[in-house]
Amino acid sequence: MSETASTPVQLTRKPHKPKSVPAPGAGKTACIRTFGCQMNVHDSDRMRRMILDAGYAEVPRYEDADLVILNTCYVRENAVDRVRGHLGELTRLRREGRLKKVALAGCIGAAEESETLRRQFGIDLVLGTHNTYELAEFVGLPTMEETYTPELPGTEGDHSSFVTIMTGCNYQCSYCIVPTVRGRMVCRSKESILGEVDRLVAGGTGYVTLLGQTVDAWRQDGERFCDLLEAVSERAPRVWFTTSHPSNMEDRTLRAIGERDTIVERLHLPVQSGSDRMLKVMHRGYKAERYRRKIEIFRESAPEGTLSTDIIVGHPGETEGDHEETLRLVEDCAFDSAYVFKFSPRDGTEAATLGEPVAPEVAQRRFVEVLRAVEGNALSRNRRKVGGVEEVYVRHGANEDGRAVGETWTGHAVHLRTDASPGEYVRARIDSAGPHALYGSVLPDGTG
Ligand code: SAH
Ligand code: SF4
Ligand code: F3S
């Protein structure tokens, strides 16, 4: 799942405006900054609705805000370092009298470390992932206990929307803090998901992404993820899902990706390691061979499709032999892209207590080797697309340089010059390729 600081998105409902009583936050301003994965993007939207309901105006800069809300990620130490940097800046602004209150929310908020940060930086409010509703009271609204559930409407960008189908995670991967800060899996009902998809599509959404930490673990009354995906693919014009766990990934889901016209042929399936020994230490629940078989089915189903993964190097106990197995798997699966991470010990996880840490310089070398192997594969796969003509969905409209970013039906990112708005399709010829994207030009008759 991508981890970026993100910009605001519109909400599904307009903020509630009381008729006569002035809103408690009238005249005040708030700034929300989101770190981490799409789960946090979704939670930020809930919090945004609370502050707008309370009458606050949203502002993009810290120095213009009465209240700053940092929605944070705890998955690796560098995620926490980033937040510390922002808290330092906020402390300075507060000393200068340019800022009033700071709230720390999200996954750091759900971890014990938040108490240390609260004292160190004089944070006014700490919210975990299960009590975001307390923000409502903080900004002067009646308590909104409903935010406790994953049943709330998701976000509605103009053209592309995330729909959360499950929250939490039932796995206990040795290295991972997510189950601790997000809790156990809760699946949202099919009825509620499809209701939201219908509403979004009727409102103009052309691209629906189903979200969760292990979306393919979704189940309800004997129905499984593939049943839900098929139902959504019949309602929405363009569909994707992330992120999946290899142990839950069914062959029929992989086949549906190729068979269904509305599903983008793009699969993100984190493998973490190519060594069976490490996969066992990590409690991943599958062997490398099973993962390879899944990939074979995906490649058969969608030969032109894109495949991405997550890989951790330097997990305690990882030997040179384990690392070579990972390099071999990278070669065999020919990933189109991968997020490669150096192991980061998290307090409260099993791996943080395991001995045999891998020396930092060894982890760094392994990191570079895996990254190079992935990029080499990706570049040669991308080059095969050069000269072809693709239908491209515009994701981000042109920037100041006139360059827009789009996506093919095979999930390739394409940079191109066009005035088309986000959500529109253009026909483009692919002129060149890099390891991370294709570069194209719109055909003369290519808009619409
Ligand atoms: N639920 C997702 C992963 C969420 S975290 C899944 O199972 O696929 C995103 C990625 O961060 C993980 O896939 C893993 O590669 C990486 N990660 C998680 N904890 C980590 C840690 N302690 N150190 C380094 N990387 C980690
Ligand atoms: Fe973390 Fe594993 Fe759950 Fe993914 S499946 S969120 S890596 S515990
Ligand atoms: Fe996501 Fe980071 Fe939390 S990856 S679930 S925001 S720890």
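A short reminder: the numbers here are calculations on the coordinates, not readings from a lab. All of these numbers come straight from a predicted model, not from anything done at the bench. In this analysis, Cβ positions are derived from the backbone assuming ideal geometry, glycine residues included, and neighbour counts consider all displayed protein chains.
Computed quantities for the displayed model
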quantity: Charge dipole magnitude, Cβ of K and R +1, D and E -1 - the chain, Cα centre, debye nearest 20; calculated: 660 debye
quantity: Taking the chain and dividing mean pair separation by its residue count, relative contact order in percent (alpha carbons under 8 Å, at least six apart); calculated: 10 percent
quantity: Restricting segment 108-139 to GluC sites (Glu not before Pro) in coil, as DSSP defines it, with at most 14 other Cβ within 10 Å; calculated: GLU112
quantity: From the C-alpha gyration tensor of the chain, square roots of 5λ in Å; calculated: 35, 29, 22
quantity: Cα-Cα pairs of segment 160-380 separated by more than 26 Å (percent); calculated: 39 percent
quantity: ARG260 paired with TYR339, simple spin-label distance in nm, labels 7 Å along Cα-to-beta-carbon; calculated: 2.3 nm
quantity: Over segment 389-447: Kirkwood hydrodynamic radius from C-alpha pairwise inverse distances, Å; calculated: 10.8 Å
quantity: Sequence of LYS190, LYS280 once ranked by neighbouring C-beta atoms within 10 Å, starting from the fewest; calculated: LYS280, LYS190
quantity: Alpha carbon convex hull of segment 29-148, volume per residue in cubic angstrom; calculated: 91 Å³
quantity: Additional length obtainable on full extension of the chain from GLU331 to ASP64, 0.36 nm per residue less Cα span; calculated: 91.1 nm
quantity: Those trypsin sites (Lys or Arg not before Pro) in segment 348-448 that DSSP places in a loop and that have at most 11 other beta carbons within 10 Å; calculated: ARG384
quantity: Cysteines, the chain, no other Cys beta-carbon under 4.7 Å; calculated: CYS31, CYS37, CYS73, CYS107, CYS169, CYS187, CYS226, CYS333
quantity: Where labels lie 7 Å past Cα in the beta-carbon direction, separation of ARG184 and ARG119 in nm; calculated: 3.3 nm
quantity: Segment 370-424, relative contact order [Cα under 8 Å, separation at least 6], %; calculated: 29 percent
quantity: Added length on full extension, which subtracts the Cα-Cα distance from 0.36 nm per residue, GLU89 to ASN399; calculated: 108.8 nm
quantity: Residue-wise HN-Hα coupling along segment 314-320, computed from phi with Karplus coefficients 6.51, -1.76, 1.60 (Hz; x: Gly, Pro); calculated: x, 4, x, x, 6, 9, 4
quantity: Cα-centre dipole for segment 160-380 with unit charges at Cβ (Lys and Arg positive, Asp and Glu negative), debye to 20; calculated: 440 debye
quantity: Gain in span if fully extended, GLU320 to GLU234, counting 0.36 nm per residue against the direct Cα distance; calculated: 26.2 nm
quantity: Sequence-distant residues sharing a close amide H with THR306 (under 5 Å, placed H); calculated: ARG266, LEU267
quantity: Backbone HN-Hα couplings from phi across segment 216-225 [Karplus 6.51/-1.76/1.60, Hz, Gly and Pro as x]; calculated: 6, 8, 4, 7, 6, 6, x, 8, 10, 3
quantity: Rounded to whole Hz, the Karplus (6.51, -1.76, 1.60) HN-Hα couplings of segment 267-278, x for glycine and proline; calculated: 10, 10, 10, x, 9, 6, 7, x, 9, 4, 4, 5
quantity: Sorted by Cβ density within 10 Å, fewest first, the residues THR243, THR353, THR205; calculated: THR353, THR243, THR205
quantity: Residues whose placed amide H lies under 5 Å from that of SER432, excluding near-sequence neighbours; calculated: TYR439
quantity: Lysine pairs meeting the criterion (Cα under 23 Å, 8 or more apart or interchain), as found in the chain; calculated: 8
quantity: Amide proton proximity set for GLU424, modelled H, under 5 Å, gap of 5+; calculated: VAL394
quantity: Of the GluC sites (Glu not before Pro) in segment 319-422, those whose Cβ has at most 14 other Cβ within 10 Å and which sit in DSSP loop; calculated: GLU400
